1. Confirm whether Cys130 is closer than 26 Å to Glu23 by Cβ, out of contact with any Phe, Trp or Tyr (no Cβ under 7 Å at 6 or more places or on another chain) and at pLDDT 95 or above.
2. For Tyr111, state whether it is part of a loop (DSSP other than H, G, I, E, B), hydroxyl-bearing (Ser, Thr, Tyr) and out of contact with any helix residue (DSSP H, G or I) (no Cβ under 7 Å at 6 or more places or on another chain).
3. Hey, could you check region 114-148 for residues that are of a type in the set (D, E, K, R) and part of a strand (DSSP E or B) and say which is farthest from Gln28 (Cα to Cα)?
4. Among the residues of region 32-41, is any over 20 Å from Pro136 (Cβ atoms) and at pLDDT 85 or above?
5. Considering only residues that are under 17 Å from Pro136 (Cβ atoms) and out of contact with any helix residue (DSSP H, G or I) (no Cβ under 9 Å at 6 or more places or on another chain), which ones fall in region 17-31?
6. I need every pair where a residue in region 33-44 that is of a type in the set (Phe, Trp, Tyr) has its Cβ under 8 Å from the Cβ of a residue that is part of a helix (DSSP H, G or I), sequence separation at least 6 or different chains.
7. Applying the selection to region 3-32, what residues are assigned to a loop (DSSP other than H, G, I, E, B), of a type in the set (Ser, Thr, Tyr) and in contact (Cβ under 8 Å) with a residue 60 or more places away in the chain?
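The values are calculated or read from the model by the stated rules, or taken from the named source; none is laboratory data. Computed from a predicted structure; not experimentally measured. Quick reminder, even Gly has a Cβ in these numbers, built from the backbone with ideal geometry, and neighbours come from all protein chains shown.
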Amino acid sequence: MSTRATIRIAKREEGVSFNEHTEDYHTQIYHHYDGYPEFLGVALAEFLDGFGVTNGNGSERTANGLGCLSAQLLTHLKLGKHYNKYEMGPGNVYIDKNDGERRGDCDYEYYVWAAEGKSIWISIFDYNECIFVGEPSNLIDRFKESSEEDDDRDYVDYA
């Protein structure tokens, strides 16, 4: 059975709470398998830890706005780097329409909150309950130790 999740890239703005759903997001990525925080949450946090958003040129660990961040994250997930795989293949990771249609169909919803010059934060919802809000390093600290046995996981092609 799959543990489905959505990942929404949203602009970090004043007055928008990290522990509430927003339909005002830039990109939605659907991740069909292994969407639980101990795996996908940690994978997202490890990718985003130390990442920054800029307006223009930056370093290897920066994105030029939310569209660039979305593209980099999608590429990372689509290549299966979080499964120690480095090739493109069908299945598991998709871009979704920005219509909220997946709500209720997924076990977890992740929000990646980002803006130029601000640290990235992640929110995790287990169905409608917010179970985590914090920076990527906090997510790693909270969920990684319970996934240590998964570090040597081989990629399984679910397509």
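1. Taking the combined requirement at face value, the residue satisfies it.
2. When the stated conditions are applied, Tyr111 does not pass them.
3. Across region 114-148, the extreme among qualifying residues is Glu129.
4. Yes, region 32-41 contains a residue that is over 20 Å from Pro136 (Cβ atoms) and at pLDDT 85 or above.
5. The answer is Phe18, Asn19.
6. Going by the 8 Å Cβ cut-off, the qualifying pairs are Phe39/His82; Phe39/Ser147; Phe39/Asp150.
7. Correct list: Thr3, Thr22, Tyr25.
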